[in-house]
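Read through the structure below, which is laid out as structure tokens, and then see the notes.
The values are calculated or read from the model by the stated rules, or taken from the named source; none is laboratory data. These figures come from a predicted structure and were not determined experimentally. A quick note on method: Cβ atoms are made from the backbone with ideal geometry, for glycine too, and the neighbour counts reach across all protein chains shown.
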Amino acid sequence: MGRLNCGFFVEPMPDAQHPIQLVSRLSGLSVHVIRIWEQRYNAVEPRRTHSNRRLYTQPQIERLNLLREVTQAGYNISQVAQFSEARLRKLIDEPVAVSNGSFGGPSEASAPFLDECLVAIKALDGLVLEDVLKRAASALGTQGLLQRLVAPLSHLLGELWRDGSLTAAHEHFATSVLRGVLGNASKPFGLPAHAPTLVVATPAGQLHELGALLVSASAVSLGWRVTYLGTSLPAAEIAGAAQISKARAVALSLVYPEDDPNLAGELVRLGEALPPETALLAGGRAMPAYRNVLEGIGAVPVDNLIHLGTTLDDLRKPRNTGHGKSKR
């Protein structure tokens with residue numbers, strides 16, 4: 001684990017073996033994230049003991065640190081998991097504007113809150129989870145809470161559910177608590193009469209709600225009036241609500257599944273039914289699987305909450321006509 005020399009701790013030798021709990025502290029990543037990055041993306045390959053415990057070398061810890069910095073800069077772990085250490089360092093030294101399929105990533109300030117949320121969710125402890133979210137809101141602010149905690153938490157819950165680390169009951173429990181928090185964040189305060197309207201929903205077959213709730217809360221904080229429709233609505237219903245509310249835009253959350261054979265047709269029907277002046281936006285974990293369809297109907301693929309914010313800001317500009325159906 002390390003050597004003592006005259007009473008001082010000396011850095012571990014490169015071939016020393018470290019348990020995952022220590023690696024979590026040294027890398028700044030939660031144990032859950034390290035396991036996901038290993039199992040799903042093969043970012044590192046720890047040695048296994050006879051009792052199946054993971055053991056990591058110092059170079060692997062350094063690699064995890066690099067991956068953490070790169071993902072915090074905006075890259076998706078799926079993009080960079082197989083990059084060499086030299087290439088990862090180059091990304092850190094020469095940052096560029098990137099887009100990815102997630103809604104954001106945890107920061108150094110939000111990572112402890114993320115760990116606390118996961119512990120509370122595993123214990124199905126709603127009071128503790130609500131307390132963590134309240135403290136995070138005070139520390140991070142509304143946009144920080146949404147972009148740096150709730151968005152990566154939502155993404156991680158999906159990963160843990162898909163690989164069997166969490167049950168459907170855990171995922172539903174977390175959604176229930178977060179629905180209340182995001183619902184409060186979505187309440188408009190002092191919106192002017194001329195505030196533009198955004199209709200938020202998930203199309204038919206898309207049952208996961210957290211992404212849509214995140215979009216609603218983020219849009220409200222940016223001065224939009226939100227008409228929230230919930231999950232799994234047919235294209236005609238979404239288009240009708242957009243017409244009734246005279247919406248400037250419709251935002252869809254696409255989370256799961258990524259291979260719905262019916263969704264492409266629903267998206268095309270929605271694009272055709274929306275008024276020419278109403279923009280169509282779509283984001284979420286499953287969005288990249290439907291990017292070609294979205295671009296084909298003139299919709300705007302939204303890569304994360306920051307991209308959502310800039311897109312909504314553009315739509316408010318009087319000179320802007322670049323995102324409406326007239327371009328489809």
Scope segment 249-273; condition crowded, with 22+ Cβ neighbours inside 10 Å and assigned to a loop (DSSP other than H, G, I, E, B); matching residues: 254, 255
Condition first: touching a strand residue (DSSP E or B) at 6+ places or on another chain (Cβ under 8 Å), in a helix (DSSP H, G or I) and either under 14 Å from residue 204 (Cα atoms) or at pLDDT below 90 (or both). Can you find one or more residues in segment 315-326 that meet it? yes
For segment 172-186, which positions are surrounded by 19 or more Cβ atoms within 10 Å (Cβ to Cβ) and over 16 Å from residue 122 (Cβ atoms)? 181, 182, 185, 186
Exactly one condition in (1) free of Cβ contacts under 8 Å to residues at least 60 places away in the same chain; (2) not in a loop (DSSP other than H, G, I, E, B) is not met by residue 39; state its number. (1)
Quick check: is even one residue across segment 157-171 charged (D, E, K, R), within 16 Å of residue 287 (Cα to Cα) and in contact (Cβ under 8 Å) with a residue 60 or more places away in the chain? yes
I'm told residue 169 meets every condition in (1) of a type outside the set (S, T, N, Q); (2) at pLDDT 85 or above; (3) under 14 Å from the mean Cα position of the chain (by Cα); (4) surrounded by fewer than 23 Cβ atoms within 10 Å (Cβ to Cβ) except one. Can you identify the failing condition by its number? (3)
Since residue 146 meets every condition but one in (1) part of a helix (DSSP H, G or I); (2) under 23 Å from residue 260 (Cβ atoms); (3) touching a helix residue (DSSP H, G or I) at 6+ places or on another chain (Cβ under 9 Å), which condition does it not meet? (2)
Close pairs (6 angstrom Cβ cut-off, 6 or more residues apart or separate chains): in the same structural domain as residue 205 (by TED's automatic domain parsing) and free of Cβ contacts under 8 Å to residues at least 40 places away in the same chain in segment 286-303, in a helix (DSSP H, G or I) and small (Gly, Ala, Ser) anywhere: 293/264; 297/271
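Quick check on segment 121-136: of everything there that is of a type in the set (Gly, Ala, Ser) and in contact (Cβ under 8 Å) with a residue 24 or more places away in the chain, which residue is nearest to residue 219 (Cα to Cα)?
136
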Scope segment 1-29; condition modelled with pLDDT of 80 or more and either surrounded by 18 or more Cβ atoms within 10 Å (Cβ to Cβ) or not charged (D, E, K, R) (or both); matching residues: 17, 18, 19, 20, 21, 22, 23, 24, 26, 27, 28, 29
Of all residues making up segment 105-143, the number that are hydroxyl-bearing (Ser, Thr, Tyr) and assigned to a helix (DSSP H, G or I): 2
Being under 23 Å from residue 145 (Cα atoms) and among the polar types (S, T, N, Q) is the filter; apply it to segment 198-230 and report the residue that is farthest from the chain's Cα centre (by Cα). 227
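For residues that are basic (Lys, Arg) and more than 22 Å from residue 219 (Cα to Cα), tally how many sit in segment 260-290.
Looking only at that region, the number is 1.
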